[in-house]
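The values are calculated or read from the model by the stated rules, or taken from the named source; none is laboratory data. Every value quoted in this text rests on a predicted model; they were computed, and no experiment measured them. Cβ placement follows ideal geometry from the backbone for every residue including glycine, while neighbour counts extend to all protein chains displayed. All accessible areas refer to the heavy atoms of the entire protein, side chains included, with ligands and DNA or RNA removed. Shrake-Rupley method; radii C 1.70, N 1.55, O 1.52, S 1.80 Å.
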Amino acid sequence: QVQLVESGGGLVQAGGSLRLSCAASGRTSSSYDMGWFRQAPGKEREFVAAISWSGGSTYYTDSVKGRFTCSRDNAKNTVYLQMNSLKPEDTAVYYCAAHTWGAIRSLNGYKYWGVGAQVTVSS
């Protein structure tokens, strides 16, 4: 069992930055690949970024490449999503999740989810 708690969301102006954190607890939490997803009002939850358990590989959806950076500190059992050059279309609830099987970009491959953090980008 893995418990995940996101923090760091908030309101920011377009062009600004935020850093989301995802604190994980559970005996083997550092051994999971981890992902970030987001869900905007009226839209489906979508993949944003992911990082391998070692931190050696990262994956991004095209719309955030060059602006978002996913990292992790396994000593702290924490995964981060640094978001720069934010745009109004980045407004959503952001979720971290632990990847357990299948394609790392697929929502269905994640068994454990946090409760989400609201990110609002004003124009």
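Things worth noting here:
- Condition met for Phe37 (in contact with a helix residue (DSSP H, G or I) (Cβ under 9 Å, 6 or more places away or on another chain) and open to solvent by less than 10 Å² (accessible area, probe 1.4 Å)): yes
- With respect to the conditions (1) part of a loop (DSSP other than H, G, I, E, B); (2) within 19 Å of Gly8 (Cβ to Cβ), Ser54 lacks only one, and its number is (2).
- All positions within region 70-87 that are surrounded by 17 or more Cβ atoms within 10 Å (Cβ to Cβ) and part of a strand (DSSP E or B): Cys70, Arg72, Thr78, Val79, Tyr80, Leu81, Met83
- Pairs are defined by a Cβ separation below 6 Å, a sequence spacing of at least 6 or placement on different chains, a first member in region 39-62 that is farther than 17 Å from Ser106 by Cβ, and a second member that is open to solvent by less than 60 Å² (accessible area, probe 1.4 Å) and small (Gly, Ala, Ser); the pairs so defined are Ala40/Ala92.
- For Asp90, the requirement of being crowded, with 17+ Cβ neighbours inside 10 Å and of a type in the set (Asp, Glu) is met.
- Pairs where the first residue, in region 3-20, is β-branched (Val, Ile, Thr) and the second is open to solvent by less than 30 Å² (accessible area, probe 1.4 Å) and in a loop (DSSP other than H, G, I, E, B), C-beta under 7 Å, 6+ apart: Val5/Gly114; Val12/Leu86
- Qualifying residues in region 21-31 (those that are touching a residue at least 40 places away in the same chain (Cβ under 8 Å) and farther than 10 Å from Leu4 by Cβ) - the one most open to solvent (accessible area, probe 1.4 Å): Ser30
- Identity of the residue in region 58-69, open to solvent by less than 50 Å² (accessible area, probe 1.4 Å) and among the hydroxyl-bearing types (Ser, Thr, Tyr), that ends up nearest to Val2 (Cα to Cα): Tyr60
- Contacts under 8 angstrom Cβ, first residue in region 74-99 being within 24 Å of Ser31 (Cα to Cα) and of a type in the set (Asp, Glu), partner open to solvent by less than 20 Å² (accessible area, probe 1.4 Å) and assigned to a strand (DSSP E or B), 6 or more apart: none
- Every test in (1) under 21 Å from Ala24 (Cα atoms); (2) touching a strand residue (DSSP E or B) at 6+ places or on another chain (Cβ under 6 Å); (3) part of a loop (DSSP other than H, G, I, E, B) is passed by Ala49 save one, and that test is (3).
- Candidates are the residues of region 93-117 that are among the small types (Gly, Ala, Ser) and within 12 Å of the chain's Cα centre (by Cα); the one that is surrounded by the fewest Cβ atoms within 10 Å (Cβ to Cβ) is Gly116.
- All positions within region 11-46 that are part of a strand (DSSP E or B) and closer than 19 Å to Lys87 by Cβ: Leu11, Val12, Gln13, Leu18, Arg19, Leu20, Trp36, Phe37, Arg38, Gln39, Glu46
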